[in-house]
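What follows is a set of notes on a single structure, which appears directly below.
Nothing in this text is a laboratory measurement; each read-out follows from the coordinates by a stated rule. Computed from a predicted structure; not experimentally measured. We place every Cβ from the backbone using ideal geometry, glycine too, and count neighbours over all the protein chains shown.
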Amino acid sequence: MRKILRIFFLLILVALVAAQFFQPERNTSEASENNILTLHSVPENVAEILKSSCFDCHSNNSTYHWYHAVSPASWMVADHIQEGKKELNFSEWGNMDVFSQITKLEEMCQESEHREMPLKSYLLMHPKAKLSDEQIAVLCDWTTRLSEELLVKAVEE
Ligand code: HEC
């Protein structure tokens, strides 16, 4: 019995080591002119919130830590980034039409208010990314203002 257990753990160890050779591609790229921060004059405190709490999963540039180089954590993170970018990519903001932008702005406020975003699993590893009530108010103020601005512009055009 002991021997079987030992072989079992040895096999798991070998599998874990082997898994380290398979790593997802990293989410990094050149700065894009379609980035939300380039296209709109985003106030400093709002830009800070987006950068520290949202960009890791909703942009083309994630900040990585040492444990992101370890399977299977690296794959979980890659999956969140892929899913997050599918919904909303701040690096490609300018590629959305204005009505999608307005919808996304509303969702950004709602998801934050309901504490759905940033994802809970992310907050475990990034406690500083947790939004305070004040930050949520700042974010929602700004998303409301910008969506009104965009709507006025869309109607005028
Ligand atoms: C750890 C990665 C991660 C972080 C950090 C993160 N998100 Fe997300 N976000 C996701 C994923 C994955 C989805 C798609 C699945 C879902 O809705 O849960 C998503 C979906 C969304 C959506 C679309 C929701 C919908 O249902 O249509 C919005 C809006 C959004 N996030 C806003 C934000 C904002 C704002 C922040 C920062 C305050 C943020 N997210 C931080 C991963 C993340």
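Data overview
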{"quantity": "Residue satisfying all of: in segment 22-70; loosely packed, with under 12 Cβ neighbours inside 10 Å, farther than 22 Å from Y122 by Cα and of a type in the set (A, V, I, L, M, F, W, C); nearest to the chain's Cα centre (by Cα) among these", "calculated": "A31"}
{"quantity": "Test: residue in segment 41-57 that is of a type in the set (D, E), away from the ligand (no atom under 16 Å from the Cβ), in contact with a helix residue (DSSP H, G or I) (Cβ under 8 Å, 6 or more places away or on another chain) and on the phi < 0 side of the Ramachandran plot", "calculated": "no"}
{"quantity": "Residue in segment 99-110 that is near the ligand (Cβ under 8 Å from one of its atoms), closer than 18 Å to I36 by Cα and within 11 Å of the chain's Cα centre (by Cα) present", "calculated": "no"}
{"quantity": "Test: residue in segment 133-154 that is surrounded by 12 or more Cβ atoms within 10 Å (Cβ to Cβ), part of a helix (DSSP H, G or I), near the ligand (Cβ under 10 Å from one of its atoms) and of a type in the set (G, A, S)", "calculated": "no"}
{"quantity": "Residue match in segment 96-110 (condition: out of contact with any strand residue (DSSP E or B) (no Cβ under 9 Å at 6 or more places or on another chain) and under 25 Å from P24 (Cβ atoms))", "calculated": "no"}
{"quantity": "Count of residues meeting criterion [surrounded by fewer than 12 Cβ atoms within 10 Å (Cβ to Cβ), of a type outside the set (S, T, Y) and farther than 20 Å from F90 by Cβ] in segment 115-132", "calculated": "3"}
{"quantity": "Checking A73 against (1) more than 23 Å from E149 (Cα to Cα); (2) surrounded by 13 or more Cβ atoms within 10 Å (Cβ to Cβ); (3) under 13 Å from the mean Cα position of the chain (by Cα), the condition it does not meet", "calculated": "(3)"}
{"quantity": "Residues of segment 36-90 that turn out to be of a type outside the set (F, W, Y) and outside any helix (DSSP H, G or I), as a count", "calculated": "15"}
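A quick yes/no check of all residues on (1) within 26 Å of V77 (Cα to Cα); (2) in contact with a helix residue (DSSP H, G or I) (Cβ under 8 Å, 6 or more places away or on another chain); (3) part of a helix (DSSP H, G or I); (4) touching a residue at least 24 places away in the same chain (Cβ under 8 Å):
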{"residue": "I4", "(1), (2), (3), (4)": "no, no, yes, no"}
{"residue": "L11", "(1), (2), (3), (4)": "yes, no, yes, no"}
{"residue": "V14", "(1), (2), (3), (4)": "yes, no, yes, no"}
{"residue": "A18", "(1), (2), (3), (4)": "yes, no, yes, no"}
{"residue": "R26", "(1), (2), (3), (4)": "yes, no, no, yes"}
{"residue": "S29", "(1), (2), (3), (4)": "yes, yes, no, yes"}
{"residue": "N34", "(1), (2), (3), (4)": "yes, yes, no, yes"}
